[in-house]
Every structure is written in C-alpha cells, then in structure tokens.
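One structure is given here, and the rest of the page talks about it.
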Amino acid sequence: MSPGNPDFPEKAPPDRGASSFVYPASAANLRFFAGLLRDGGMVAMPTETVYGLAANALDPGACRAIFAVKGRPLFDPLIVHVADAAMAETLAFLPERFAPLAAAFWPGPLTLIVPKRPVVPDLVTAGKDTVALRLPRHPVARALLEQANVPLAAPSANPFGYVSPTRPEHVAESFGARVPFILDGGPCAIGIESTILDLSDPARPAILRPGAVTASAIAAVLGTAVQERRVVVPQGAAAPAPGTLERHYSPRSPLALFPEGASPPAQEGETVLLLKRPEQDSANPHIFWLSETGDPAEMAATLFTLLRQLDRAGYRRILCELPGSAAAGLAAAIRDRLLRAAGR
Ligand code: TXA
Ligand code: MG
C-alpha cells in the first residue's frame, strides 16, 4: 500500500473468512480491496459466471502479475470489466451496435469485443487493436468496480488451461498463497464463462465463445443474423480468442465423452458424469449427474464444481455425457466447454 494513497490512514485491516485467503464481502473489506486494486494489487472477485483474477486494467505492472500467476501466455488477451457504459466509452470506440446490446444484456454475461482506445495497455489486449469489455451482474463485482473506480482486467481465476472456478474455495485450492485475497461471493449463479461477441466488424457480429446470452437473443436485439464462429486453434499457435485453444478447461484426469443418451462405456476405476439423474437408480457409487431434470441452467451451474470434484477424487478417467450437436443456448455452451476439456 502506498502511503501516497489518500485512503491510507482510513484503511482498516480486512476481516478474514473461514478459509485463510477468503474474505467476506463486507463494506470495510470492499473498501480495502478497492484501494488495493487502485494501488496495483490483485484480488480474486466473484462474478455471476466464474470467479475472476482482477487488477487495474490501466496498470500494466498489475496486469503482468495476472499473466504470471495464471501461467497465461502473453498472446491471450484479458477481458476488462467496467462499472458502467460511461467507463466503457473511455476505453473503446463504441460502434452503434454497442448501445442496444449493453441496454439489453448489461449488467450480465456478455463480453463485447470493440476497437480499443490508446489508453488500454497493449499487454491487456495482447497487442490487438480491440478490447473485450464486460459489465458483470454480480453485486460484489459491481460494488468493487464502483469503489475502485478503475476498469478491472479479470480472466477466470484458474491456472491457464484448467477448469474455471465457480466457488471461492476453487481459487484457494488452485493458487494458495499466490492469490492471498479472494472476495467471497458464494457459488456463481451461471457457472460458465460469458458469451463473447466480436463487434470489431459491426456489420458481421460473431460469437467467439458461447455462453448464457444466446445467439438468437443477440440476433433479436440487433435485428440481424449472428455468426457462431467456433474457432479451434491448435496448441502453441497464436490465437484470436484462446478460450478457443483446442485444449482448455481440462481436468488432470483424462476426460472422454460419450453421446447424449448412450450408455457409458465405463471400466473399473472410472467415473461417469451424466447430464441428468438416470431414470433407474444405480448401485454404482461412481455415477454422478449435473442436474436432476436436464435443466441446462442447473447443468451449467454444477459443471465446473463437479469436474473439479471428480478430478480431485483421482479417477483413472472421467466419462462425460456430451449434449448433442443440436443443443442450443446454455446446453450448446456446455457442449463447447466439454469438447475443449476433452481436447476436441
Ligand atoms: O465470464 C467471463 O468472461 C469471465 C469472468 C471473470 O468475467 N472471464 C473470462 O476470462 O472468462 P478469460 O480470460 O478466461 O477468457 C477471456 C477470453 C479469452 O479466451 C481471450 O482470448 C478472449 O476472451 N479475448 C479477450 N480479449 C479479446 C480480444 N480483443 N479479441 C478476441 N478475444 C479476446
Ligand atoms: Mg478462462
């Protein structure tokens, strides 16, 4: 903390939660962490999609720490979170199509790729002339953004390539003392990363990563078709959106997929992850499911927690049911994440 910070004498030491690095989102803690972020620190914050590892987006040194802690290659740009549309305007040249989308989906799980202004450091955008902007809906993220009053670069708070975190303890498990400040916002309501919409060519909006905001909902607002560009980039190559790297979101145990509705080819030592509770109860204790009824929102909210849990259990292989290719909305987003987790 720099003594030059005007808040300095007022800063009380924050209150810790049950786990050593997890802090309740009390007013005093929010104030403290907002100051820490302004001073170039790093804080794990909850959003409605997944937990993010946040730093001041206008401070290249602070953002460099995010790349280092995550083991993230510098060619993979960060999403910048904003407190409101006015803050977005200071960071980017907003195309006409921005306003209706922000009005319809912000705050919420939609990230918009737009031409950046020079104020955004090249490190944040990996040298691109575009920046990814999002206004999250989670009240703790919003309070932190408003109090920090700086844009926050925040990729998902997981080691690069691993399953995203949807609970504060996921962040603590992965990083330990390397991420000593985690703000508790409970389990993430959506549980899967935001939809990324590329508006860099406003005439041809394209989804780079499917999420809770669907192509059809975006098309309805824009009154135009939206491309769904599932970019798959081989490992090691420079990538337009490395959420699009071939292998991503992967547990350490090998993950194999089987078609929706098929019977899983499980062997000794393997576990099965179904999309919904099986009709007949099974005596096999190694069968798990993402939802009771097949509701995609419930499936998305449990996906990363269950994958992490099964990974920790050390099975030889995780066999996971894959939503069919006709899946739409959140089910399509789950299909996307599972294909990537399996390296396909
Ligand atoms: O839901 C979310 O979006 C979460 C929460 C924390 O907000 N964040 C998240 O960030 O998923 P991350 O870094 O794990 O994924 C961001 C993706 C990356 O695949 C990155 O390559 C892509 O967005 N991206 C960022 N800036 C971009 C740009 N200018 N052009 C294309 N892709 C970009
Ligand atoms: Mg990520």
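The values are calculated or read from the model by the stated rules, or taken from the named source; none is laboratory data. Worth saying up front: this structure is predicted, and the values here are computed from it rather than measured. Don't worry about glycine lacking a Cβ; one is built from the backbone with ideal geometry, like all the others, and counts go over all protein chains shown.
Quick look at the values:
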| read-out | value |
| --- | --- |
| Residue that is farthest from ligand 1 (Cβ to nearest atom) [pool: residues in region 172-195 that are hydrophobic (A, V, I, L, M, F, W, C) and in a loop (DSSP other than H, G, I, E, B)] | PHE181 |
| Some residue of region 157-165 being touching a strand residue (DSSP E or B) at 6+ places or on another chain (Cβ under 8 Å) and not in a loop (DSSP other than H, G, I, E, B) | no |
| Count of region 94-115 residues which are in contact with a Leu (Cβ under 8 Å, 6 or more places away or on another chain), closer than 14 Å to PRO202 by Cα and surrounded by 15 or more Cβ atoms within 10 Å (Cβ to Cβ) | 7 |
| Output for region 53-83, where each listed residue is within 12 Å of ligand 2 (Cβ to nearest atom), touching a helix residue (DSSP H, G or I) at 6+ places or on another chain (Cβ under 6 Å) and outside any strand (DSSP E or B) | ASP76, PRO77, LEU78 |
| Identity of the residue in region 185-223, of a type in the set (Ser, Thr, Tyr) and under 15 Å from the mean Cα position of the chain (by Cα), that ends up nearest to ligand 2 (Cβ to nearest atom) | SER194 |
| Check on VAL150, outside any helix (DSSP H, G or I) and not polar (S, T, N, Q) | yes |
| Matching residues in region 185-209 - criterion: being farther than 16 Å from ASN158 by Cα, crowded, with 20+ Cβ neighbours inside 10 Å and out of contact with any Lys or Arg (no Cβ under 8 Å at 6 or more places or on another chain) | GLY185, ILE190, LEU197, ARG209 |
| Test: residue in region 119-128 that is away from ligand 1 (no atom under 12 Å from the Cβ) and either of a type in the set (Ser, Thr, Tyr) or more than 30 Å from ARG308 (Cβ to Cβ) (or both) | yes |
| Residue pairs meeting the criteria (Cβ under 9 Å; at least 6 apart or on separate chains; first under 12 Å from VAL80 (Cα atoms) and within 9 Å of ligand 1 (Cβ to nearest atom), in region 145-164; second aromatic (Phe, Trp, Tyr) and assigned to a loop (DSSP other than H, G, I, E, B)) | ALA154/TYR51; SER156/TYR51 |
| Condition check for VAL120: crowded, with 22+ Cβ neighbours inside 10 Å, modelled with pLDDT of 95 or more and more than 16 Å from ligand 2 (Cβ to nearest atom) | yes |
